[in-house]
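A.B. asks: Before I ask anything, let me first share the structure, which is written out below as C-alpha cells.
The values are calculated or read from the model by the stated rules, or taken from the named source; none is laboratory data. Nothing here was measured: the structure is a model prediction, and the numbers come from that model. We place every Cβ from the backbone using ideal geometry, glycine too, and count neighbours over all the protein chains shown.
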Amino acid sequence: MWMDHRAAEQASVINSTKHDVLQYVGGKMSLEMEPPKLLWLKQNLKDHCWDKAEQFFDLPDFLTWKATGSMSRSQCSLVCKCGYTATSKEHGWDDSFMTSIGLQDLIENEYVKIGQEVRKPGEPCGNGLSEEAAAELGLLPATPVSTSIIDAHAGAIGCLGCQPTHLSVEGSEVTGHLVLICGTSTCHMVLSAQPVFVPGVWGPYYSTMIPGYWNNEGGQSATGKLIDFVVENHSAFTEASELASKRGMHIHDYLNYVLNNMAVSRGRQSVSELTEDLHVWPDYHGNRSPLADPTLKGMVCGLTLLASVESLALLYLATVQALAYGTRHILDKMNDSGHKISAVYICGGLRKNELFVKTNADVIGLPIILPDTSETVLLGSAILGACASHTFASTEEALKQMGGQGTAISPNDYVKRFHDKKYKVFLKMLEHQKEYQTIMAST
C-alpha cells in the first residue's frame, strides 16, 4: 500500500498541526506513511474495517507475527512509518499527537492495536519460528527470527558492509555513505553518529538500521516505475520492443545501444550530450524529497513531432538524467544540513542498468559502488538473522564478515560539467512549475 496516495487530505490535516513529532520526518509527514492511511481508513471504512480491526501491522511486522506469533513491533517500522518517537534517551508513542490528528482511539489499552513491545532490528523476535510456521517453511521450530526491518533499510545494511576493491572510501565504516535502493521507487539512506535534521528528508530516525546510529531517508516516489511509464507510453515502444527481442536484449539495454550509436553518428564525446535541448522534471507521482510536495507534476521541455525509436531513446535518456538530478538535489540538501557524503552505493533492480549507474556517478561527481551480490536486500536480512542468532557480537561485526566486495564506478569530470548546466535547468523547471501554480491560483 505504500504507493497508494489516497490519503493526501489526511496528510495535509496532520501536517497542519505542526506537532513536534513531525520534526523527525523532515517537517512534513508523507501521505505514504501509516498515520494518514490509518486516518483514511477510519474516515472511509469505519464500519467495514476500522471498528473490526484487532491489529494494524506494517508489512515487516506482519511477517514476523506470522513467523513467530509475536506481536512485537520493529523500531524500524514504527519510527520510520508510524509516528513513533525514539531518541538516544527516550522512546514511545505521543498521546497528544494521536489526539491532535484524530486517532485518539489508538491510545486505548496502551496502543495494543499498533504496538506495545518494540524491539530493534537484529534482536530476536519471540521464541523463534513457531511450530506451524516451521512446518510450512520446512525449517526447525525455534529457529531464530530477527525483528524485522523495512526492505529498503535491509538493502542499505547489505550495502554498507561491502568493501569495494581498488577504492579507499572516506568516512567511518557506516557513516558518510549514501545508499540508493532502487526499484519502483528509490530510497536514499545515510547514517550519522549524531542526529541531522534535513528539511524535506525523513528522519533523523534513531536505531532503525544499526543500533546507536541515526538514519536520514530521502526518496523518489517513482523511479523504475517512471522509466517504465515513459518508455511504454511512447508511440515507438512496440517497435523498440520487437527490435530488442530480436537481439535478445532487455528494452533498457537496447535503448542504451541505440543511444551509443547516436552519440557516435552525431560526433558526441558522451551519450549524455544528446539531451542538451531535452529536459525532464521527474515528479510524475509527486516529490517525496527534498521538497516533500505530493502536488508536484512531471514536466518535459524540448518535445518534437518525431516518433521514432531514436526519439524514444532520447526521452528515456533525459528521464534517467532527471532522476539522477533528483538524487543530487537530495544529496546536496543532506550535505547542506551537516552530512559529509563521500561515496554512493546503488542496489536494487536499476543497478543492472549501466546507463543509470554511470549517469548517477557523473551527475553527483562521486564514486558509485556496486556490491557484488545481486540481492542486497536479502543480504541485509541475512545479516540481521545472524545477529538474532547471536552469531556475531554486533551488527557492525556482522557487516564486516558478511558484506562482501564490490566494484567502484568513477565519475567523468568532462561529463559532469555538462550535467552541472542541465542541473541548473532542472532547478529552473521547479521554479517555473511553482510560478505556474501561483498564476493559476490567482484571482
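A.B. asks: Answer with yes or no whether residue 98 is touching a helix residue (DSSP H, G or I) at 6+ places or on another chain (Cβ under 9 Å), among the aliphatic types (A, V, I, L, M) and within 22 Å of residue 296 (Cα to Cα).
C.D. replies: Working: touching a helix residue (DSSP H, G or I) at 6+ places or on another chain (Cβ under 9 Å): yes; among the aliphatic types (A, V, I, L, M): yes; within 22 Å of residue 296 (Cα to Cα): no.
So residue 98 does not fit the description; no.
A.B. asks: Taking residue 175 and the conditions (1) among the β-branched types (Val, Ile, Thr); (2) in the same structural domain as residue 194 (by TED's automatic domain parsing); (3) surrounded by 21 or more Cβ atoms within 10 Å (Cβ to Cβ), which numbered condition does it fall short on, given that it satisfies the others?
C.D. replies: So the condition that residue 175 fails would be (3).
A.B. asks: Next up: Could you please let me know if residue 49 is over 14 Å from residue 102 (Cβ atoms), surrounded by 23 or more Cβ atoms within 10 Å (Cβ to Cβ) and hydrophobic (A, V, I, L, M, F, W, C)?
C.D. replies: Spelling it out, it is not the case that residue 49 is over 14 Å from residue 102 (Cβ atoms), surrounded by 23 or more Cβ atoms within 10 Å (Cβ to Cβ) and hydrophobic (A, V, I, L, M, F, W, C).
A.B. asks: In addition: Filter the stretch 276-288 down to residues that are closer than 19 Å to residue 437 by Cα and either of a type in the set (Asp, Glu) or not in a strand (DSSP E or B) (or both), then give me how many there are.
C.D. replies: 6
A.B. asks: Another question, then. Could you check how many residues of the stretch 233-275 are assigned to a helix (DSSP H, G or I) and under 29 Å from the mean Cα position of the chain (by Cα)?
C.D. replies: Of the residues in the stretch 233-275, 15 are assigned to a helix (DSSP H, G or I) and under 29 Å from the mean Cα position of the chain (by Cα).
A.B. asks: Among what's in the stretch 197-208 and is β-branched (Val, Ile, Thr) and farther than 22 Å from residue 147 by Cα, pick the residue that is surrounded by the fewest Cβ atoms within 10 Å (Cβ to Cβ).
C.D. replies: Result: 198.
A.B. asks: Could you run through the stretch 1-28 and say how many residues are touching a residue at least 24 places away in the same chain (Cβ under 8 Å), assigned by TED's automatic domain parsing to the domain that holds residue 77 and either within 18 Å of residue 208 (Cβ to Cβ) or in contact with a Cys (Cβ under 6 Å, 6 or more places away or on another chain) (or both)?
C.D. replies: The total comes to 5.
A.B. asks: Could you tell me whether any residue of the stretch 47-55 is touching a residue at least 12 places away in the same chain (Cβ under 8 Å), within 30 Å of residue 380 (Cα to Cα) and more than 19 Å from the chain's Cα centre (by Cα)?
C.D. replies: Initially, the stretch 47-55 is screened for residues touching a residue at least 12 places away in the same chain (Cβ under 8 Å), giving 53-55.
Going one step further and asking which of them are within 30 Å of residue 380 (Cα to Cα), we end up with 55.
Filter again for more than 19 Å from the chain's Cα centre (by Cα), leaving 55.
Yes, some residue in the stretch 47-55 is touching a residue at least 12 places away in the same chain (Cβ under 8 Å), within 30 Å of residue 380 (Cα to Cα) and more than 19 Å from the chain's Cα centre (by Cα).
A.B. asks: Sticking with this one: Please return the ranges of helices (runs of 4 or more DSSP H) entirely within the stretch 303-401 where 2 or more residues are under 19 Å from residue 260 (Cβ atoms) and free of Cβ contacts under 8 Å to residues at least 60 places away in the same chain.
C.D. replies: Correct list: 309-337, 354-364.
A.B. asks: Can you name the number of the only condition in (1) of a type in the set (A, V, I, L, M); (2) surrounded by fewer than 17 Cβ atoms within 10 Å (Cβ to Cβ); (3) more than 22 Å from residue 285 (Cα to Cα) that residue 1 fails?
C.D. replies: All conditions are met except number (3).
A.B. asks: Looking only at the stretch 63-80, decide whether some residue is over 24 Å from residue 148 (Cβ atoms) and in contact (Cβ under 8 Å) with a residue 40 or more places away in the chain.
C.D. replies: No, because not a single residue in the stretch 63-80 is over 24 Å from residue 148 (Cβ atoms) and in contact (Cβ under 8 Å) with a residue 40 or more places away in the chain.
A.B. asks: Scanning the stretch 389-424 for residues that are among the small types (Gly, Ala, Ser) and either touching a Phe, Trp or Tyr at 6+ places or on another chain (Cβ under 8 Å) or under 30 Å from residue 355 (Cα atoms) (or both), which turns out surrounded by the fewest Cβ atoms within 10 Å (Cβ to Cβ)?
C.D. replies: 410
A.B. asks: Can you tell me which residue is surrounded by the fewest Cβ atoms within 10 Å (Cβ to Cβ) among those in the stretch 184-196 that are of a type outside the set (Val, Ile, Thr) and farther than 16 Å from residue 288 by Cα? Give the derivation first.
C.D. replies: Narrowing the stretch 184-196 to residues of a type outside the set (Val, Ile, Thr): 185, 187-189, 191-195.
Now restrict to residues that are farther than 16 Å from residue 288 by Cα: 191-195.
Details: 191: 29, 192: 20, 193: 12, 194: 10, 195: 17.
This residue is 194.
A.B. asks: Go through (1) at pLDDT 95 or above; (2) farther than 15 Å from residue 64 by Cα and name the single condition residue 145 misses.
C.D. replies: (2)
A.B. asks: Could you give every pair whose Cβ atoms fall below 8 Å, whose first residue belongs to the stretch 273-292 and is free of Cβ contacts under 8 Å to residues at least 24 places away in the same chain and closer than 18 Å to residue 229 by Cβ, and whose second residue is part of a strand (DSSP E or B) and of a type in the set (Val, Ile, Thr), counting only separations of at least 6 or pairs across chains?
C.D. replies: Between residues of the stretch 273-292 that are free of Cβ contacts under 8 Å to residues at least 24 places away in the same chain and closer than 18 Å to residue 229 by Cβ and residues that are part of a strand (DSSP E or B) and of a type in the set (Val, Ile, Thr), there is no close pair.
A.B. asks: Please tell me if residue 427 is surrounded by 20 or more Cβ atoms within 10 Å (Cβ to Cβ), under 23 Å from the mean Cα position of the chain (by Cα) and either on the phi < 0 side of the Ramachandran plot or assigned to a helix (DSSP H, G or I) (or both).
C.D. replies: Answer is no for this residue.
A.B. asks: Right, next: So is residue 221 touching a residue at least 24 places away in the same chain (Cβ under 8 Å) and not hydrophobic (A, V, I, L, M, F, W, C) or not?
C.D. replies: yes
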